[in-house]
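Reviewing the structure listed below.
The values are calculated or read from the model by the stated rules, or taken from the named source; none is laboratory data. Worth saying up front: this structure is predicted, and the values here are computed from it rather than measured. Glycine also receives a Cβ, built like all others from the backbone with ideal geometry; neighbour counts cover every protein chain displayed.
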Amino acid sequence: MIKIMADSTCDLSDEVLEKYDISLAPLTIDIGGKIYRDRIDIQPDAFYGMLEALPEFPTTGMPSPAEYLKIMKEAVESGYKEVLCICMSSGTSGAYQSAVLAKDYFFEEQPDSHVKIHVVDSKCMSHGSGWLVLKSAMMREKGASFEELVSFNESFKKKVKHFLSVDDLNHLIKSGRLSNSSAIIGKILMIKPIMSMKDGRGAIVGKERGLKRVLKHYVQEFIKRNDATVTDFIIIGYTSDRTIAENLKAILQKDTDFSGEIYIMQMGVSVGTHVGLGAISMFFVEK
């Protein structure tokens with residue numbers, strides 16, 4: 001039996017988490033001195049409803065090793081013999097290191113255990129790591145071995161293509177997720193930046209004027225870059241406006257020959273803290 005776990009920035013829907021028995025180690029969010037656990041103490045819609053009125057910028061904290069260790073122990077107690085933990089990029093958070101520490105603690109406490117635990121530094125964010133988590137769960141359901149899941153993640157993690165556009169760069173600047181030089185250029189030109197992951201960190205890879213052009217950019221890049229042999233589903237993410245995501249899905253269905261599942265999932269509180277309202281993202285595997 002293979003247990004799949006992740007941190008809460010994977011942003012998979014509750015329906016997917018429940019269907020595939022995926023466990024999450026929650027990040028924490030500090031809002032005015034009060035600490036919330038992502039998706040446990042605070043939900044995305046409630047957070048986005050208060051975000052713009054907050055007097056202080058919220059901050060996030062990585063899951064502790066204890067959070068990961070708790071899930072690992074519970075999995076083993078439930079009969080799982082193998083544990084695959086997929087974490088957000090180590091270039092943006094200490095979550096990966098925290099999970100590695102939890103693995104070390106597990107075997108310090110149980111040195112004779114024959115359980116297999118592998119921790120993946122996904123080099124991804126939000127539904128990028130979520131894409132790997134969901135794909136792993138689907139592969140497990142089809143009978144893939146633990147070694148096959150590990151190999152897939154380590155082989156394809158740098159090929160998960162991220163596209164993210166935001167309404168306001170201030171959240172990314174304040175959180176340190178975007179360099180000041182890139183952010184300043186975007187603000188001066190009054191354009192909507194398009195970001196992706198480079199070397200495990202966020203970077204601006206395109207600039208478009210207006211949402212319509214942003215969505216067109218996404219679709220054109222998908223047509224050019226998509227690895228049809230691997231991408232059997234796409235994930236579209238949004239923070240506060242689902243209609244943007246629905247519009248992108250409709251364009252993909254109309255202007256491409258992609259016939260797989262297109263999931264629309266809301267970005268969680270941890271990710272939303274950094275990207276703000278009106279964000280729209282898309283994830284697939286590139287050639």
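Quick look at the values:
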{"item": "Checklist (1) within 20 Å of residue 269 (Cα to Cα); (2) outside any helix (DSSP H, G or I); (3) aliphatic (A, V, I, L, M) applied to residue 117, failing item", "result": "(1)"}
{"item": "Region 268-279, subset in a loop (DSSP other than H, G, I, E, B) and in contact with a helix residue (DSSP H, G or I) (Cβ under 7 Å, 6 or more places away or on another chain), residue modelled with the lowest pLDDT", "result": "276"}
{"item": "First in region 9-20 and closer than 20 Å to residue 63 by Cβ and free of Cβ contacts under 8 Å to residues at least 40 places away in the same chain, second anywhere and part of a helix (DSSP H, G or I) and of a type outside the set (Asp, Glu), Cβ under 7 Å, 6 or more apart", "result": "none"}
{"item": "Residue match in region 254-263 (condition: of a type in the set (A, V, I, L, M, F, W, C), modelled with pLDDT of 95 or more and not in a helix (DSSP H, G or I))", "result": "yes"}
{"item": "Selection from region 238-265 of residues that are within 17 Å of residue 133 (Cα to Cα) and crowded, with 20+ Cβ neighbours inside 10 Å", "result": "263, 265"}
{"item": "Count - residues of region 32-62 that are β-branched (Val, Ile, Thr) and either touching a helix residue (DSSP H, G or I) at 6+ places or on another chain (Cβ under 6 Å) or on the phi > 0 side of the Ramachandran plot (or both)", "result": "2"}
{"item": "Count of residues meeting criterion [of a type in the set (D, E, K, R) and touching a Gly at 6+ places or on another chain (Cβ under 9 Å)] in region 71-109", "result": "0"}
{"item": "Any hit, region 125-132, residues being among the polar types (S, T, N, Q), part of a loop (DSSP other than H, G, I, E, B), over 22 Å from the mean Cα position of the chain (by Cα) and modelled with pLDDT of 95 or more", "result": "no"}
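Here's the yes/no breakdown for (1) in contact with a Pro (Cβ under 9 Å, 6 or more places away or on another chain); (2) touching a residue at least 24 places away in the same chain (Cβ under 8 Å):
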{"position": "64", "(1), (2)": "no, yes"}
{"position": "69", "(1), (2)": "no, yes"}
{"position": "90", "(1), (2)": "no, yes"}
{"position": "99", "(1), (2)": "yes, yes"}
{"position": "118", "(1), (2)": "no, yes"}
{"position": "121", "(1), (2)": "no, yes"}
{"position": "151", "(1), (2)": "no, no"}
{"position": "160", "(1), (2)": "no, yes"}
